[in-house]
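Contents: one structure, followed by commentary.
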Amino acid sequence: MSPDQFREFILESLKEQAAKADCVLYHLDGPDAIKHMDALMEVEEIDALQWTSGDMGPDGTLEEWYPIYDKAIMAGKSLWVKVYSGEFEDWIKNVDRIVKRYGSHSLFLFFPEMSLEQANILIEYADKNWSDIQGTIHK
């Protein structure tokens, strides 16, 4: 579907549906969906964006996704980021970059299953390093 067709056939219905919900997370699925970002960011009722690179693609922490996230943040949306690429240490390193760029107030992070020990380390690290961060990209 072209961006023009999206605007013609989808956008108004999406706005109406989103207006009926208390909190709206839009799941932008795969590279072919990126072309609809401009229209989606015009929907004030969308509160957050979840980007996924598609089936079995890399997680949401890649710097390659920053243009998508930048556009969402500049439109006043929160980000829902799925973290799974690499090992536990990579998760922390990659999320550090995301938090420094976008701050902690508009960021929701989803981590994969991990051991209790890893979870405790992650929570302690997050409390110390990811709380009340402004970020360099913000509206």
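The table that follows gives values for the structure above.
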| item | result |
| --- | --- |
| Where a residue in the stretch 79-91 is in contact (Cβ under 8 Å) with a residue 24 or more places away in the chain and its partner, wherever it lies, is part of a helix (DSSP H, G or I) and surrounded by fewer than 21 Cβ atoms within 10 Å (Cβ to Cβ), with Cβ under 6 Å and at least six apart | F88/Q118 |
| Residue selected from the stretch 45-59 under the condition modelled with pLDDT under 95 and not β-branched (V, I, T), by the criterion nearest to A72 (Cα to Cα) | W51 |
| Checklist (1) farther than 17 Å from S78 by Cβ; (2) part of a loop (DSSP other than H, G, I, E, B) applied to L122, failing item | (2) |
| Exclusive hit being buried (at least 17 other Cβ atoms within 10 Å of the Cβ) and not acidic (D, E), set I10, I73 | I73 |
| Of all residues in the stretch 13-52 being among the β-branched types (V, I, T) and closer than 19 Å to E64 by Cβ, the one that is surrounded by the fewest Cβ atoms within 10 Å (Cβ to Cβ) | I34 |
| The stretch 56-70, residues that are out of contact with any Phe, Trp or Tyr (no Cβ under 7 Å at 6 or more places or on another chain) and either surrounded by 15 or more Cβ atoms within 10 Å (Cβ to Cβ) or under 20 Å from E87 (Cα atoms) (or both) | M56, G57, P58, T61, L62, E63, E64, Y66 |
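Matching residues to (1) more than 17 Å from the chain's Cα centre (by Cα); (2) in a helix (DSSP H, G or I); (3) β-branched (V, I, T):
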site: E16; (1), (2), (3): yes, yes, no
site: A21; (1), (2), (3): yes, no, no
site: L28; (1), (2), (3): no, no, no
site: K35; (1), (2), (3): no, yes, no
site: D38; (1), (2), (3): no, yes, no
site: I46; (1), (2), (3): no, no, yes
site: W51; (1), (2), (3): no, no, no
site: G54; (1), (2), (3): no, no, no
site: P58; (1), (2), (3): no, no, no
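The values are calculated or read from the model by the stated rules, or taken from the named source; none is laboratory data. Note that this is a predicted model, so its numbers are computed, not measured. Quick reminder, even Gly has a Cβ in these numbers, built from the backbone with ideal geometry, and neighbours come from all protein chains shown.
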